[in-house]
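The values are calculated or read from the model by the stated rules, or taken from the named source; none is laboratory data. Here the structure is a predicted model, which is why all the values come from computation and not from measurement. Backbone-built Cβ (ideal geometry, glycine too); neighbour counts: all protein chains shown. Heads up: the accessible areas ignore ligands, DNA and RNA and are worked out on the full protein's heavy atoms, side chains in. Shrake-Rupley method; radii C 1.70, N 1.55, O 1.52, S 1.80 Å.
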Amino acid sequence: MNGLDVGIDQLGVYLPRYALPLDRLAEARGVPVEKIHVGLGAHAMAVVPPWEDAVTLGANAAARVFRHGEVRPDEIGLLVAATETAVDHAKPIGIFLHDLLGLSPSCRTFEVKHACYGGTAGIMLAADWIRSGAARGRKALVVATDIARYDVGSSAEFTQGAGAAAVVVSDEPRLLRLGPTTGLFSRNVYDFWRPLERREALVDGKFSLDCYLDALHGAVSDYRAALNGHGGGSLLDRFAAFLYHTPFPKMAHKAHRRLVEDESHGLTPAAVGERFERSWATQAEPALGLARQAGNTYTASLYLCLAWLLEREGATLEGRDLALFSYGSGCCAEFFTGRPVAGSAARAASIGAQGLLQARRELTVEEYEQFARATTGGERPAEGGVGFCHLAGIENHKRHYACPGKVA
Ligand code: CAA
């Protein structure tokens with residue numbers, strides 16, 4: 001096996017069936033709508049109903065990678081569930097997924113956490129598992145699944161969301177080959193956290209933006225150092241697209257601006273501004289269509305951006321390098337690269353991200369607040385969901401899931 005061939009074989013995405021248009025929330029909270037549409041770049045957020053949780057979001061995303069039969073559940077030898085919306089302090093989300101998806105008993109299964117970085121941590125670990133030879137020809141499934149919840153009425157309320165991405169990692173990737181070099185940055189900061197007893201996250205909003213941007217600078221510097229003189233020149237010329245962890249689209253805008261500034265030493269401010277506007281429109285903004293409509297999906301965010309970009313622009317990206325930046329508060333960040341493989345565009349076109357947006361029902365603010373207050377479980381309305389399984393209830397502290405349509 002050539003270690004350089006490891007990458008993403010399949011990508012499944014999932015969003016809950018409900019969305020809250022943010023102009024409705026802005027009106028209800030007495031906030032100018034331009035602050036949300038322009039200031040945050042956000043238009044709607046996915047809202048999770050009481051009969052979905054991080055398990056069902058993740059299972060529904062993963063079911064979509066198995067539905068065409070190109071990957072079989074019995075090929076998975078490693079299942080990593082990445083989340084910061086765990087449902088139990090001990091029992092990992094991964095074991096529920098293992099059961100719901102019908103994976104083989106001969107499978108290492110666990111949950112990882114480092115805020116929004118967890119999905120990338122899982123993918124890097126899976127790639128190393130394959131490169132090490134321990135995989136013995138099997139594939140890894142990394143499921144990044146989350147519900148972003150802040151206090152109702154807080155300024156962070158506009159940056160909520162929910163969704164999941166399921167990433168199959170293999171040594172014969174049919175979507176995206178991962179580059180061998182990555183850049184890392186870790187530092188202990190209190191920018192965003194969720195104490196064990198709380199359902200809603202706490203955040204030092206403005207500080208979190210600074211931490212994100214410092215981590216980007218640090219991770220890119222480390223990437224350059226790891227290249228050790230090979231592959232110099234401007235990153236803007238090297239990469240066809242830049243994808244960012246996107247808590248809200250304006251964050252990606254700030255991040256790309258910072259990256260362009262760091263890449264533009266010696267240019268006048270006006271020239272830097274022009275360079276940024278050109279690069280933003282063609283190399284970064286096209287990945288954000290789903291994030292504008294789904295909000296923050298924490299661990300899944302970067303991979304929903306990737307899914308959106310590949311689904312819509314895969315044909316022009318085959319064989320060209322993409323740059324990806326993953327940020328997890330607290331904090332750990334990684335800058336890494338990937339190249340869509342020949343023939344990937346046709347597969348990417350059927351990821352189905354656009355269809356998930358179209359299948360959603362818009363909520364009123366009152367309905368959203370009811371969902372936000374509700375405890376998990378309970379009856380689903382007749383309109384049901386868009387996935388194959390849901391949370392049927394919690395009895396004696398045990399969660400029960402129903403799967404009207406079994407996978408595979
Ligand atoms: N028209 C247009 N723009 C307007 C406006 C108007 N009427 N009023 C305000 N704005 C602009 C502001 O100028 C500002 O833009 P800039 O940052 O470019 O200056 C933007 O709208 C937001 O305004 P504020 O900073 O006043 O907004 P806020 O106090 O409501 O806080 C927030 C915004 C800090 C992002 C808050 O929503 C929050 O805390 N969100 C959660 C934290 C978060 O997502 N942090 C991201 C980095 S951490 C991370 O990435 C991990 C993670 O997933 C959580």
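Packing, as the average of other Cβ atoms within 10 Å across residues, places the peptides 354-365, 10-21, 55-66 in the order 55-66, 10-21, 354-365, highest first.
With K and R counted +1 and D and E -1, the other residues having a Cβ less than 14 Å from that of GLY328 yield a net charge of -2.
Cα convex hull of the range 3-402: mean projected area in nm², to one decimal? List each step's numbers first, then the result.
Numbers: hull surface 75.5 nm².
Over every viewing direction, the Cα hull of the range 3-402 projects on average to 18.9 nm².
For LYS206, a cut-off of 18 angstrom between C-alpha atoms picks up these lysines, skipping any fewer than 8 places away in its own chain: LYS35, LYS250, LYS254.
Beta bridges assigned by DSSP with both partners in the chain are antiparallel in approximately 70 percent of cases. When the alpha carbon gyration tensor of the range 120-233 is reduced to an equivalent ellipsoid, its three semi-axes come out at 31, 22, 12 angstrom, largest first. For the range 3-402, averaging the sequence separation of C-alpha pairs within contact (under 8 Å, six or more residues apart) and dividing by the residue count gives a relative contact order of 25 percent.
Taking 35 Å as R0, compute the FRET efficiency from the Cβ-Cβ separation of ARG72 and ARG320 and round it to 0.05. With R0 = 35 Å, the Cβ-Cβ based efficiency is 0.70.
Annotation: aspartates and glutamates with alpha-carbon distance below 19 angstrom to LYS398 (same-chain offsets under eight excluded): GLU52, ASP53, ASP88, ASP99, GLU111, GLU197, GLU379. Its Kirkwood hydrodynamic radius, worked out from the mean inverse distance over all distinct Cα pairs, puts the range 1-126 at 16.9 Å.
Per the Cauchy relation, a quarter of the hull surface: what is the mean projected area of the convex hull of the alpha carbons in the range 243-328, in nm²?
Numbers: hull surface 23.2 nm².
The directionally averaged projection comes out at 5.8 nm².
Give the carbon-plus-sulfur fraction of the accessible surface of the chain in %, rounded to a whole number; probe 1.4 Å, heavy atoms of protein chains only.
Values: 8280 of 16420 Å².
Exposed carbon and sulfur together represent 50 percent of the surface.
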